[in-house]
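Visitor: My questions will all concern the structure given below.
Every number here is computed from the coordinates shown, using simple stated rules; none is lab data. All values reported here derive from a predicted model rather than from experimental measurement. Here the Cβ positions follow ideal geometry from the backbone for every residue, glycine too, while neighbour counts run over all protein chains shown.
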Amino acid sequence: MNFTIGNKQSSLVGVDISSTSVKLLELSRTKSGYRIESYAVEPLPANAVNEKSLQDVEAVGEAVKRALKRSGSKRKFAAVAVPSAMVITKVIQMPDSLKPSELEAQIQLEADQYIPYSLDEVNLDHQIIGPCEHQPGANDILLVASRSENVEERTAACEIGGLSAKVVDIEPYTIEHTCKLLQEQNNVDWQGKTIAVLDMGATMTSLCVFRNNALVYTREQPFGGKQLTEEIMRRFGLSYEDAGRVKRVGGLPDNYEPEILTPFKDQMVQQANRFLQFFFSADNNDYVDQILLAGGCAGIPGIAELIEDHIGTPTSIANPFENIETASGVAQQRLLSDGPAMLIACGLATRGFD
Ligand SMILES: Nc1ncnc2c1ncn2[C@@H]1O[C@H](COP(=O)(O)OP(=O)(O)OP(=O)(O)O)[C@@H](O)[C@H]1O
Ligand SMILES: [Mg+2]
């Protein structure tokens, strides 16, 4: 699902604007899958993005510019995503006899009944889901709307960074695209399966559940690695930057693991469990086939095993940068460890090949 601005372009870079960084990824299509042409993760200054809203569009734009430069990508167009919390979705019914242009016109006429904003303040898109079960001759149509300011602050940041945003997607739907890539890359098939993708980032954790490869549930709550960073700062008197770095590369005193890291890992397990319970109660069901762990917190050694042991569901790390070709100029050093945090950027980067 996307708000497509202008025509689709095959020469896109995916740009994920998260709370801590701008993540940029350029892919190309190969015979057997995808190749990484370039990528960069550029940190954002504190408070540039707060609760997914761009507080300082200029600072985000400058980070996009640095990311683009450091990646070396020559592409001019971008795909960006808005978080699901900034999006209203509604399933409506329309006659299946309508031609695409008639459907479009009818939706424009009726949409204001379903959307609590004036239509000139929103970006609106729709997708035909398929025949309506309860109404012969009608299709279920998914309506998606977001206030234009949510879309515009992202496209404006890209513009400052030297990229023209051509595709605006919605975060959970970008992960749907990444799931396709993960299956292709790893030669697996999730048809008939229920897969829970749990992304634990810096400030937010999100769960997307896919059944038969379609998104059936999504939820987002504040929890993330920033809490661990802040605890490290407090306990060891480190700056935010230093605390963030030692978390990845190590070098903290012996009491770090038992006193700080272990309790945080336990919190991650509890969060994973809570998120699944939310899904189970919404779904009237108590089963997922697999948990895929993503986001920067997936980099904590042993965390997938710990979650699997406690919850009893097979758990592994989602890494789109595993088993993927890379162009010769791409720095290999952090590639594999950055992968799990690149799910949104990755889904966006594939949008040029729809
Ligand atoms: N190897 C690692 N071990 C522990 N923590 C890590 C590791 N790598 C990254 N992190 C932590 O992961 C977090 C960043 O993850 P990610 O890039 O997924 O977040 P984000 O997408 O920027 O944030 P959000 O989704 O909340 O807006 C930071 O808190 C960072 O310290
Ligand atoms: Mg994130």
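Visitor: For S18, which sequence-distant residues (separation of 5 or more, or a different chain) have an amide H within less than 5 Å of its own amide H, given hydrogens modelled in the peptide plane?
Guide: K23
Visitor: So, one more: Taking amide H positions as placed in the peptide plane 1.01 Å from N, state which residues far from M204 in sequence (5 or more) or on other chains have amide H under 5 Å from it.
Guide: Counting only residues 5 or more places away or on other chains, the set is F223.
Visitor: Let me ask another. What is the distance in Å between the Cα centroid of region 167-197 and that of region 33-101?
Guide: First find each Cα centre; the distance between them is then 18 Å.
Visitor: OK, next. If amide hydrogens are placed 1.01 Å from N in the peptide plane, which non-local residues have theirs closer than 5 Å to the one on F77?
Guide: V13, S164
Visitor: Reachable lysines from K31, Cα under 21 Å, same-chain residues fewer than 8 places away excluded?
Guide: K180
Visitor: Next question, about the same structure. Need one number: nm distance between label points at N213 and E110, each 7 Å from Cα along Cα→Cβ, rounded to one decimal.
Guide: Taking the simple label geometry, N213 and E110 are separated by 2.9 nm.
Visitor: Taking the Cα atoms only, what angle lies between the long axis of helix 226-236 and the longest principal axis of the chain, rounded to 10 degrees?
Guide: 20 degrees
Visitor: Please identify every one of the GluC sites (Glu not before Pro) in region 158-267 that sits in a loop by DSSP and has no more than 10 other beta carbons within 10 Å of its own beta carbon. Working shown, then result.
Guide: Details: sites: E159, E176, E184, E220, E230, E231, E241, E259; in loops: none.
For GluC sites (Glu not before Pro) across region 158-267 that sit outside H, G, I, E and B with at most 10 neighbouring Cβ atoms in 10 Å, the list is empty.
Visitor: Moving on to the next point. Could you work out how far helix 148-161 tilts from the main Cα principal axis of the chain, as a 0 to 90 degree angle to the nearest 10?
Guide: Long axis of 148-161 versus the principal axis of the chain: about 60 degrees.
Visitor: What percentages make up the Cα-Cα pair-distance distribution of the chain when the bins are 20 Å wide from 0?
Guide: Using 20 Å bins, I get a P(r) of 29, 59, 12, 0 for the chain.
Visitor: Please report, in debye to the nearest 20, how large the charge dipole of region 207-354 is about its Cα centre when each Lys and Arg carries +1 at its beta carbon and each Asp and Glu carries -1 there. Walk me through the intermediate numbers first.
Guide: Numbers: 12 positive and 19 negative charges, 79 e Å.
Computed about the Cα centre, the dipole is about 380 debye.
Visitor: Got a sec to turn the phi values of region 61-66 into Karplus ³J(HN,Hα) couplings, 6.51 cos²θ - 1.76 cosθ + 1.60 with θ = phi - 60°, whole Hz, x for Gly and Pro?
Guide: With coefficients 6.51, -1.76 and 1.60, one gets x, 5, 5, 4, 4, 5 Hz.
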